[in-house]
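The values are calculated or read from the model by the stated rules, or taken from the named source; none is laboratory data. Note that the structure is a prediction, hence the values are computed from the model and not measured. Using ideal geometry, Cβ is built from the backbone for each residue, glycine included, and neighbour counts are taken over all protein chains shown.
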Amino acid sequence: MFEDGSRSTTGPYSSPARPACGARTINCVGSDRCYGVLMTTLHSTETFIPTPAGKLFAREWRPKTIGGDACIIMFHDSLGSVDQWRDFPARVAEIADRRVIAYDRLGFGRSGANPRLLAPDFVRDEAVSALPYIRDTLAIDRMILFGHSVGGGMAVATGATFAAETDAVVTVAAQAFVEDRTLAGIEEAKLAFQAPGQIERLAKYHGDKARWVLDAWIETWLAPDRADWTLDDDLRRLQCPILALHGDHDEYGSRAHPDRIAALAGGRAEAVLLKNCHHMPHREMPGEVLQRTAQFLNTL
């Protein structure tokens, strides 16, 4: 399975339909793949946010009734984008009764191009290069930060940077350090992406930035100066509760990652190992992820 959740043997898959601005009805029949019965009306809007480095694309889902002050901000993975979350942010908005905002990082999705490869400190840099502009443009005060894979590290780093404004953090399949399994998984993906059609698959979401997106993931993580990177300092500075969800068969990290997150976090922490799950828990078992998230948020 690649970082974006696809497999090299499946070939290209279709891009999900982009929701139009305005009201949107989200329907989901309750089952083992869906937490509860999601039948509600969510107001969905799209925004381009100016920053000194370039514009960022963001989409917001707002329930008819908002049950909490904190807005949930979602950070995508190394090959991800708003569209690749599919309907998951809408389902989070439903179970949490809160505003949910997902955005494309610079260089990804519908955001502007990034003229440079990622710097070694790109995980922590997201908190200062993007979040202040997102918070200002979308009038966000209190935050709950939700991140998948490297986005989980960005959620932690942002929570540490904005400690007074962050109520909670949820990480899904996050990396807390550079592990041999992480590098082996990326090396395998690097070979798989040489197959015909693989860059075109990414281009469905990232357009002519697809090659940059792939290189930013592979070359940054495999660079020698990345070997000693950890999330340790940010975890220690984190003051709010954190939930770390992780699949027991994750191709890019062992259970050492959620265990390390829970052990070093400065606030209350819970690590959950999801059975028979790989690197995309929110796609493989969305009902379980939603239920765990809802239970965690109800403790705040």
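All told, His206 meets the bar of being at pLDDT 95 or above and part of a helix (DSSP H, G or I). Residues that are assigned to a helix (DSSP H, G or I) and at pLDDT 95 or above within the stretch 221-250 comprise Trp221, Leu222, Asp232, Asp233, Asp234, Leu235, Arg236, Arg237, listed in sequence order.
Quick grid of which residues meet (1) free of Cβ contacts under 8 Å to residues at least 24 places away in the same chain; (2) surrounded by 15 or more Cβ atoms within 10 Å (Cβ to Cβ):
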residue: Pro196; (1), (2): yes, no
residue: Glu200; (1), (2): no, no
residue: His206; (1), (2): no, yes
residue: Ala210; (1), (2): yes, yes
residue: Trp217; (1), (2): no, yes
residue: Leu222; (1), (2): no, yes
residue: Ala227; (1), (2): no, no
residue: Leu243; (1), (2): no, yes
residue: Asp248; (1), (2): no, no
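Residues that are buried (at least 17 other Cβ atoms within 10 Å of the Cβ), touching an Asp or Glu at 6+ places or on another chain (Cβ under 7 Å) and touching a residue at least 40 places away in the same chain (Cβ under 8 Å) occur at least once in the stretch 117-129.
The residue that is farthest from the chain's Cα centre (by Cα), counting only those in the stretch 177-203 that are among the β-branched types (Val, Ile, Thr) and part of a helix (DSSP H, G or I), is Ile199.
Listed conditions (1) assigned to a loop (DSSP other than H, G, I, E, B); (2) more than 20 Å from Met74 (Cβ to Cβ); (3) hydrophobic (A, V, I, L, M, F, W, C) are all met by Ala174, apart from (2). Only residues that are in a loop (DSSP other than H, G, I, E, B), at pLDDT 95 or above and over 13 Å from the mean Cα position of the chain (by Cα) were counted in the stretch 98-131, giving 11.
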